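Asker: Once you've had a glance at the structure underneath, I'll fire off some questions.
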Amino acid sequence: MADDYPKVDRVMGGPSGWISIGFPAVLFLYFLGLLPQIAQAPQVHGIDWVPSLGIRLSVLLDGLSMTFALLITGIGTAVTLYSARYLGQHPDYPRFVCYLLMFMVGMLGLVLSDNLIALFVFWEITTIASYLLIGFNADSAKSRRSALQALLVTGTGGLAMLGGMIILGTVAGTFELSQILTMGDMIRTHPWYMGILLLFLAGAFTKSAQVPFHFWLPNAMAAPTPVSAYLHSATMVKAGVFLMARMNPSLGGTDAWFWILTLFGGVTAVFASVMAMRQTDIKQVLAYTTLMALGTLTMFIGAGTHYAIMAGMTFLVVHSLYKAALFLMIGIVDHATGTREATVLGGLSKVMPLTGLAAALAALSMAGVPPMVGFIGKEFMYKAGLGLGGLGAFWVTVMAFAASVMMFAVGGIVALKPFRGNLRPTPHAPHEGPWPMLAGPLVLGALSLMFGLLPGVLGHYLVGPATHAVYGEVRTVHLYLWGGFNTALLLSLLTFVAGWLIYRRHEAIRARLAAFEARSPIDFDAGWDRLLEGFKGFAAWQAALIQNGSLQRYMAVTFTTFVALVGATYVLRGAFTAGVSLSTESVHPIQWTVLALICAGSLLVVWTHSRMTAVAAMGVVGIGVALIFIMFSAPDVAITQLLVEVLVVVLVSLVMLRLPYLPRRSRASWRPGHALIAAGTGLVTTFLMISVLAGDFDRRLTTYFEATSYPEAHGRNIVNVILVDFRTLDTFGEIAVVVMAAIAAFALLRGAAPAKRDTEEM
Amino acid sequence: MQSLILTTATRLLVALLLVFSIYALLRGHNLPGGGFIGGLIGATAFILYTIATSVREARTALRVDPANVAMLGVGVAGLSGLVAGFVGQPFFTGQWLFLFRNGDSYLPLSTVLVFDIGVYMAVFGGILTLVFALEQEI
């Protein structure tokens, strides 16, 4: 895949490459320098963005955001270095770098934001960047479908999350996280808590691909390998996990939180690890193990004890290190051999010893073998699970155990099998990868080993402060490799034995799973297609029902809806009982004359046989209305009404000339349906006017405008002053609509016109 | 349509209507009138001219595409609102300038008037876009 494009001669991607490597590298060093400071006390900085809405661009630097920032910039450096070599000669490499940097900025903003709305903006930037990167190979239909699927799933969740944020901001009275996080007790007992929680989790679960929203993530592997390593494993998909961790002090700790997170997380972890066994493409295997890690993280954040959060934060770092390394490794193998099929690869360590070393380090950490940091992560997960009370302890421990066993087996499939045994034939002759591509996986693998040997450093600088931030209060965090003989160690040993047994039989298990999958009626991906088809079908159905192209139908639907809604309000709210008295004493004879004129015009419209007569008669009705305006001293409205009536007559006559000549059709014939709608509309409008007039006229606005029009707006014509000064924004909107309508109509007329018109216009 | 009476009368009426439309626009702040009414009167003048002669001649007389006038109008109206930003006031706050002050009489100039001119252009251009397109077909 990585080889079939026209090459552009660039050394390490040219300037784009150097910029893309330098940006995260400098930021990484900057954050590293801040680390000792942040480990002591969190910091908040910020500037106002939209002060009237409480939206600020503010930064919350604490253990959690720091850990994420270091992962984003650190792994970002490895990935950009890798991409400069992997894609540096791709003709669209500069575009790729733009997307990747856009993602990096979005992701950093997301984890550093102290303001919920700003966080949402950055959240959506990562969604869009992910869409663009998955669809990077835009000439492949599969890429495009996967990109759109990821966008729609995570975008929908993001919208739900925005709803939750707005409710939470309303409840808390601020959008600043640093303040919201101290209001946990108030928020948890608030009647809207459940709504906030569910909306937030909709965002987190879609972004972090929890079952049943998981299907987009394996498809997202259509992206180039560095993108998979970076976005869809190490950073972006953890945004949901980040959000849950971030909100834990204010939303966590309730029964609902515990059970929703541990159930969804546990099911995701086990489901994904079984699905990982089923795959043959190693990239797909890794995709499913990422799902498993996301499920595990969700489960431990849900468990919520200090130990569980600590285990979660440790595993977060552990997973990012080994998973990024493994993805980058499989990219090298793919590049060198032309295939990623686990069934084809074998014996590569003879020709690719360094790649094999990186893979081994990462896979050992994934399998949780001492002295790798993965072992510590697994031990603490078991301890945290066992330390929970009651049913929760059983569920979390069993799920964590099952997932870890599978991880052990998958570690073998991914890193042992392709490298051991005899060299097998592959599409290309394999060769060792170049240094820019090897550097990342080797350094990440070495870090997995180093943190395993020096757990104190990891605990003091990253896991400790992060745990404080998530747990909400400061407690000592002590990470260690050897915890003595206890239940957790026993479980670890059991994990290795069970994992080894499964690895030995993995080909048989895979065949069994494949057969089962073929018979299974549940297919999430196909379900997604059906859902989309359903939406399209529904849209087509309702468009055909309401917008079938017949003007008569539109009018009928509009007026029937009006009559039904307003009429129903009348009946239900009892407006008829208001007791309106109508008197004709104050009506002037001239007013009777105008009324007669309007009625005559209306009758003529209904009874005439000629379209032109009908148009003219409509004009009579309109001018009658204008006369009424004059009588009630509203000259501006009357002038406008008169001019509009004239224009309508001109416009409609022009339209009439274009209509087909159908004399028979316009003969007045009795149409009961139309008569009913017309009579209903007339009656409802009449009652509406009567009830409006029956109420007391509120003169407050009139008084205000009379008093302020001249002193404040320097105008004596109140109507005009309202239009151009007091309510300028409304008028601005209206003239924009006038122009848009004119242009749309113009486009329609042009579109319908025969070709000869264009020549006439020349 | 060829009618000597209409063509002759139109020459006079179009000029009168156009002048009157500007008059209505400018007096609008204190007396009945304004950009909306002015724009409608101005459009009526050109519609009359179109009916008396042809779309082609009306277009030539207008010199510019009415769609451009309409869009420019929305732009002018929007820009008039930005002026308030320079003195630190919210969008669309009216800014006034009183020139040639002599006792009680003066010439008031304002962003509000500029906005009303934008409204005039939008209405005038929008309606003529529509009418020209409709007339041209037949």
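Asker: Would you mind finding the one in A:Gly164, A:Gly195, A:Gly203 that is in contact with a Gly (Cβ under 6 Å, 6 or more places away or on another chain) and touching a residue at least 12 places away in the same chain (Cβ under 8 Å)?
Answerer: On the way: A:Gly164 fails: in contact with a Gly (Cβ under 6 Å, 6 or more places away or on another chain); A:Gly195 fails: in contact with a Gly (Cβ under 6 Å, 6 or more places away or on another chain).
One residue alone meets the criteria, A:Gly203.
Asker: State which residue is surrounded by the fewest Cβ atoms within 10 Å (Cβ to Cβ) when the search covers only the range A:449-506 and only residues that are farther than 17 Å from A:Ala311 by Cβ and among the hydroxyl-bearing types (Ser, Thr, Tyr).
Answerer: Applying the filter and picking the extreme gives A:Tyr461.
Asker: Sticking with this one: What do you reckon, is A:Gly195 small (Gly, Ala, Ser), out of contact with any Leu (no Cβ under 7 Å at 6 or more places or on another chain) and under 22 Å from A:His468 (Cβ atoms)?
Answerer: On the way: small (Gly, Ala, Ser): yes; out of contact with any Leu (no Cβ under 7 Å at 6 or more places or on another chain): yes; under 22 Å from A:His468 (Cβ atoms): no.
Judged against the criteria, A:Gly195 is not a match.
Asker: Tell me, please, whether a residue that is surrounded by 13 or more Cβ atoms within 10 Å (Cβ to Cβ) and modelled with pLDDT of 90 or more can be found in the range A:577-596.
Answerer: yes
Asker: OK, next. Mind checking whether some residue in the range B:56-70 is closer than 21 Å to A:Leu729 by Cβ and not hydroxyl-bearing (Ser, Thr, Tyr)? Please lay out each step first, then the result.
Answerer: Step one: of the range B:56-70, the residues closer than 21 Å to A:Leu729 by Cβ are B:70.
In the following step, the residues that additionally are not hydroxyl-bearing (Ser, Thr, Tyr) were identified as B:70.
Yes, there is a match, as at least one residue in the range B:56-70 is closer than 21 Å to A:Leu729 by Cβ and not hydroxyl-bearing (Ser, Thr, Tyr).
Asker: Given the conditions (1) modelled with pLDDT of 85 or more; (2) farther than 22 Å from B:Gly39 by Cβ; (3) loosely packed, with under 13 Cβ neighbours inside 10 Å, report the number of the one that A:Thr681 does not fulfil.
Answerer: That leaves (3) as the condition not met.
Asker: Looking at A:Gln89, A:Gln179 in this structure, which one is touching a residue at least 60 places away in the same chain (Cβ under 8 Å) and either closer than 15 Å to A:Met247 by Cα or out of contact with any helix residue (DSSP H, G or I) (no Cβ under 7 Å at 6 or more places or on another chain) (or both)? Outline the logic, then answer.
Answerer: On the way: A:Gln179 fails: touching a residue at least 60 places away in the same chain (Cβ under 8 Å).
Only one candidate passes the filter, namely A:Gln89.
Asker: Moving on. So, restricting to helices (runs of 4 or more DSSP H) that lie completely within the range A:176-241, which ones have at least 3 residues that are more than 22 Å from the chain's Cα centre (by Cα) and over 29 Å from A:Met437 (Cα atoms)? Full working, then the answer.
Answerer: Values: elements: A:177-180, A:184-189, A:193-207, A:216-219, A:225-229.
The qualifying helices (runs of 4 or more DSSP H) are A:177-180, A:184-189.
Asker: Moving on. Is there any pair linking a residue in the range B:11-33 that is within 8 Å of chain A (Cβ to nearest Cβ) and within 25 Å of A:Thr728 (Cβ to Cβ) to one that is hydroxyl-bearing (Ser, Thr, Tyr) and assigned to a helix (DSSP H, G or I), with Cβ under 8 Å and at least six apart or on different chains, and which?
Answerer: B:Gly33/B:Tyr23
Asker: In the range B:60-75, which residues are crowded, with 19+ Cβ neighbours inside 10 Å and more than 8 Å from chain A (Cβ to nearest Cβ)?
Answerer: Taking the range B:60-75 as the starting set, the residues that turn out to be crowded, with 19+ Cβ neighbours inside 10 Å are B:66-67, B:69-71, B:73-74.
B:Pro66, B:Val69 - these are the residues of the range B:60-75 that are crowded, with 19+ Cβ neighbours inside 10 Å and more than 8 Å from chain A (Cβ to nearest Cβ).
Asker: Out of B:Thr44, B:Thr50, I need the residue that is farther than 17 Å from B:Ala122 by Cβ and surrounded by 22 or more Cβ atoms within 10 Å (Cβ to Cβ). Which one?
Answerer: On the way: B:Thr44 fails: farther than 17 Å from B:Ala122 by Cβ.
Exactly one residue qualifies, and that residue is B:Thr50.
Asker: If you check A:Gly312 against the conditions, is it more than 25 Å from A:Phe451 (Cα to Cα), buried (at least 22 other Cβ atoms within 10 Å of the Cβ) and touching a residue at least 24 places away in the same chain (Cβ under 8 Å)? Show your work before the answer.
Answerer: Values: more than 25 Å from A:Phe451 (Cα to Cα): no; buried (at least 22 other Cβ atoms within 10 Å of the Cβ): yes; touching a residue at least 24 places away in the same chain (Cβ under 8 Å): yes.
No; evaluated as a whole, the condition is false for this residue.
Asker: Taking the range B:99-117 as the search range and keeping residues that are of a type in the set (S, T, N, Q) and more than 19 Å from B:Ile37 (Cβ to Cβ), which one is surrounded by the most Cβ atoms within 10 Å (Cβ to Cβ)? Outline the logic, then answer.
Answerer: Residues of the range B:99-117 that are of a type in the set (S, T, N, Q), as a first pass: B:102, B:105, B:110-111.
With the extra rule that they be more than 19 Å from B:Ile37 (Cβ to Cβ), the set shrinks to B:102, B:105, B:111.
Values: B:Asn102: 7, B:Ser105: 7, B:Thr111: 23.
Checking each candidate, the answer is B:Thr111.
Asker: Out of all the residues in the range A:623-637, is one or more over 30 Å from A:Asn720 (Cα atoms) and of a type in the set (D, E, K, R)? Step through it out loud before you land on a result.
Answerer: Here is the first cut: in the range A:623-637, the residues over 30 Å from A:Asn720 (Cα atoms) are none.
No - not one qualifying residue is present in the range A:623-637.
Asker: Examine the range A:92-104 for a residue that is farther than 18 Å from A:Ile19 by Cβ, in contact (Cβ under 8 Å) with a residue 40 or more places away in the chain and part of a helix (DSSP H, G or I), and state whether such a residue exists. Let's see the steps before the verdict.
Answerer: Here is the first cut: in the range A:92-104, the residues farther than 18 Å from A:Ile19 by Cβ are none.
Looking through the range A:92-104, none of the residues is farther than 18 Å from A:Ile19 by Cβ, in contact (Cβ under 8 Å) with a residue 40 or more places away in the chain and part of a helix (DSSP H, G or I).
Asker: Scan (1) more than 21 Å from the chain's Cα centre (by Cα); (2) over 23 Å from A:Arg727 (Cβ atoms); (3) in contact (Cβ under 8 Å) with a residue 12 or more places away in the chain; (4) within 12 Å of chain A (Cβ to nearest Cβ) for the single condition B:Ile51 breaks and write down its number.
Answerer: Tallying (1) more than 21 Å from the chain's Cα centre (by Cα); (2) over 23 Å from A:Arg727 (Cβ atoms); (3) in contact (Cβ under 8 Å) with a residue 12 or more places away in the chain; (4) within 12 Å of chain A (Cβ to nearest Cβ), B:Ile51 fails exactly one: (1).
Asker: Okay, moving on. Kindly provide the set of residues from the range B:84-138 that are within 7 Å of chain A (Cβ to nearest Cβ), of a type outside the set (S, T, N, Q) and over 17 Å from the mean Cα position of the chain (by Cα), ordered by number.
Answerer: Hits for the range B:84-138 are B:Phe92, B:Gly94, B:Trp96, B:Pro108, B:Ala133, B:Leu134, B:Glu135, B:Glu137, B:Ile138.
Asker: Follow-up. Among the residues of the range A:324-366, count how many are outside any loop (DSSP other than H, G, I, E, B), in contact with a Lys or Arg (Cβ under 9 Å, 6 or more places away or on another chain) and of a type in the set (A, V, I, L, M).
Answerer: The total comes to 5.
Asker: Further question: Going through A:Ile330, A:Ile376 one at a time, which residue ends up being touching a residue at least 60 places away in the same chain (Cβ under 8 Å) and more than 24 Å from A:Leu479 (Cα to Cα)? Working first, answer last.
Answerer: Numbers: A:Ile376 fails: more than 24 Å from A:Leu479 (Cα to Cα).
Only one candidate passes the filter, namely A:Ile330.
Asker: Checking B:Arg56 against (1) surrounded by fewer than 18 Cβ atoms within 10 Å (Cβ to Cβ); (2) more than 11 Å from chain A (Cβ to nearest Cβ); (3) under 13 Å from B:Val131 (Cα atoms), only one condition comes out false. Which one?
Answerer: With respect to (1) surrounded by fewer than 18 Cβ atoms within 10 Å (Cβ to Cβ); (2) more than 11 Å from chain A (Cβ to nearest Cβ); (3) under 13 Å from B:Val131 (Cα atoms), B:Arg56 is out only on (2).
Asker: Every residue in the range A:630-664 that is among the hydrophobic types (A, V, I, L, M, F, W, C), within 11 Å of chain B (Cβ to nearest Cβ) and over 18 Å from B:Leu130 (Cβ atoms), please.
Answerer: A:Ile630, A:Ala634, A:Val637, A:Ala638, A:Ile639, A:Leu642
Asker: Check A:Thr235 against each of (1) within 28 Å of A:Ser140 (Cβ to Cβ); (2) of a type outside the set (D, E, K, R); (3) modelled with pLDDT of 90 or more and name the one condition it does not meet.
Answerer: (3)
Asker: Do we find a residue being under 30 Å from B:Thr50 (Cα atoms), more than 49 Å from the chain's Cα centre (by Cα) and loosely packed, with under 12 Cβ neighbours inside 10 Å anywhere in the range A:633-650?
Answerer: No; the residues of the range A:633-650 include none that is under 30 Å from B:Thr50 (Cα atoms), more than 49 Å from the chain's Cα centre (by Cα) and loosely packed, with under 12 Cβ neighbours inside 10 Å.
Asker: A further question follows. Which condition does A:Pro371 not pass, out of (1) in contact with a Ser or Thr (Cβ under 7 Å, 6 or more places away or on another chain); (2) within 30 Å of A:Thr467 (Cβ to Cβ), if it passes all the others?
Answerer: In the conditions (1) in contact with a Ser or Thr (Cβ under 7 Å, 6 or more places away or on another chain); (2) within 30 Å of A:Thr467 (Cβ to Cβ), A:Pro371 misses (1) alone.
Asker: Checking B:Val112 against (1) free of Cβ contacts under 8 Å to residues at least 40 places away in the same chain; (2) touching a strand residue (DSSP E or B) at 6+ places or on another chain (Cβ under 9 Å); (3) part of a helix (DSSP H, G or I), which single condition isn't satisfied?
Answerer: (1)
The values are calculated or read from the model by the stated rules, or taken from the named source; none is laboratory data. Here the structure is a predicted model, which is why all the values come from computation and not from measurement. Cβ atoms come from the backbone with ideal geometry, glycine included; neighbour counts cover every protein chain shown.
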